[in-house]
1. Roughly how big is the stretch 53-170's charge dipole about its Cα centre, with Cβ charges of +1 (Lys, Arg) and -1 (Asp, Glu), in debye to the nearest 20?
2. From the phi angles alone, apply the Karplus equation (6.51, -1.76, 1.60; θ = phi - 60°) to the stretch 67-79 and give each ³J(HN,Hα) in whole Hz, x where the residue is Gly or Pro.
3. Between THR45, ILE83, LEU61, whose Cα lies farthest towards the positive end of the dipole of the stretch 38-102 when Lys and Arg beta carbons carry +1 and Asp and Glu beta carbons carry -1, centred on the Cα centre?
4. For ARG166 and SER126, calculate 0.36 nm times their separation in residues minus their Cα-Cα distance, and state this gained length in nm to one decimal.
5. Suppose the chain between ARG62 and ASN105 were pulled fully straight at 0.36 nm per residue; how much longer would it get relative to their current alpha carbon spacing?
Amino acid sequence: ATRRDAFSKVSAGFGVAAALLVQQPSDANALELCPPKANNCVRTTWSPPSGSSKDEAVAALRDAIGAYPQAGQSDVDGGGWSIAEDDLDGSGAARVEYKSSGKGNFAKFFNGGKPFVDDLKLEVESSGVVQVKSQSRVGDSDFGVNKKRVDYLAAALKGKGWSVLRYFFK
């Protein structure tokens, strides 16, 4: 065998090994990451207690969302919220819309007095792990609003034994 043949066999072996090492996408719908250097977006992962089923995770998630005050909390989401898409029982995906009160100077000057709208996207994997992304629809900064919202929901789940990974891609 020539050196070229030997090199080809070794290279092919590395190619197969590399293909096996590439992480396969999770069974969630590949919730997109926050844009690079985004100051209006947070992304994290919530994990249910060990041994929880997807159905149990979805039920706890629904409870946490339902307990979020319509009047908002910590000067966040004073315009209420609504579930815009809900396929948690099927694909595992949901989207909740949160609105600012529309009363602040930023809403008056930059948004015509209309409330700002943020989207909380959730994807529950078959393991019950929840991918979380909360992002403002407009603007370059959210002044910490998305983090406050996600922290509130995460605290409700932590109280039920869930673990919350640190935020990333903010």
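1. Numbers: 17 positive and 17 negative charges, 108 e Å.
Rounded to the nearest 20 debye, it is 520 debye.
2. Along the stretch 67-79, the couplings run 7, 5, x, 5, 7, x, 7, 6, 6, 10, 6, x, x Hz.
3. The one lying farthest along the dipole's positive direction is THR45.
4. Values: separation 40, 0.36 × 40 = 14.40 nm, distance 2.14 nm.
Going from the current span to full extension adds 12.3 nm.
5. Full extension of this stretch gives 12.2 nm more.
Coordinate-derived values only; no laboratory data. From a predicted model like this one, the values you see are computed outputs, not experimental measurements. As a convention, Cβ positions derive from the backbone with ideal geometry for all residues, glycine included, and neighbour counts pool all protein chains shown.
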